Amino acid sequence: KAGVTQTPRYLIKTRGQQVTLSCSPISGHRSVSWYQQTPGQGLQFLFEYFSETQRNKGNFPGRFSGRQFSNSRSEMNVSTLELGDSALYLCASSLAGLGYEQYFGPGTRLTVT
Amino acid sequence: GIQVEQSPPDLILQEGANSTLRCNFSDSVNNLQWFHQNPWGQLINLFYIPSGTKQNGRLSATTVATERYSLLYISSSQTTDSGVYFCAVEGAGGTSYGKLTFGQGTILTVHP
């Protein structure tokens, strides 16, 4: 099976802009989670989607949002970008949620200037 | 929320050496996973191990949920084992339920 794919792999944006990142899970996986990784805060949970519904959300401002489509592909959106949003954004897929092994994509490295 | 502490923060080994990485967590967990992040940022799932012991080649892991810790053993280390090892848990209740909380990681460097 193909692994988790994320697009784009690298992105440079300017403060105030918005960005959309995409994640395609492993075939058959219905859960997609998103994480932000920064040198200062480490890996932090953003949200998890299952069957097009957001089941859980981490402690991030409302500028961070996401959605999941009927084919389980997921997107996350960050509006009004700030310098502190520069990070590696990782998505993980699993069969049905956190009670199953999580498989991560290669990540999208976002730089905000 | 649940706290996850990993030790040691850094570990430098010669190829062929063995090592033990530790993960302590502050509350009951539903599940626990170990990951290896390679130098390119890719997180690789090593073990899904909420309790008990598992082995996969040179790697093995043990979780003692009642004592709130997990150990990752690496035997006969190779340079390709270098990278950051993360422990991640899902808390059994409260604000930590339904999300993975990661430790800060152990940076492993294996010299030839």
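Per residue, how big is the convex hull of chain B when only Cα atoms are used? Give it in Å³.
On the way: hull volume 9.5 nm³, N = 112.
With only Cα atoms used, chain B gives 85 Å³ per residue.
With charges only on Cβ, +1 for K and R and -1 for D and E, what is the dipole size of chain B about its Cα centre, in debye, rounded to 20?
On the way: 5 positive and 7 negative charges, 35 e Å.
In debye, rounded to 20, chain B gives about 160.
Could you sort A:80-91, B:10-21 so that the peptide with the highest average Cβ count within 10 Å comes first and the rest follow in order? Write out the running numbers ahead of the final one.
Details: A:80-91: 18.0, B:10-21: 14.2.
By packing density, highest mean first, the sequence is A:80-91, B:10-21.
Can you list residues from other chains, or at least 5 along the same chain, whose modelled amide H is less than 5 Å from the amide H of B:ALA17?
B:SER77
For B:ASN24 paired with B:ALA92, estimate the spin-label separation in nm (one decimal), with each label point 7 Å from Cα along the Cα-to-Cβ line.
Placing both labels 7 Å along Cα→Cβ, they lie 1.9 nm apart.
Reachable aspartates and glutamates from B:LYS99, Cα under 20 Å, same-chain residues fewer than 8 places away excluded?
Partners found: A:GLU48, A:GLU52, A:GLU75, A:GLU101, B:GLU5, B:ASP27, B:GLU90.
With only alpha-carbon atoms counted, please give the Rg and Dmax of the protein assembly as shown, in Å.
17.3, 50
Coordinate-derived values only; no laboratory data. Because the structure is a prediction, the values reported are computed rather than measured. All Cβ positions, even for glycine, are placed from backbone atoms using ideal geometry, and neighbour counts span all protein chains on display.
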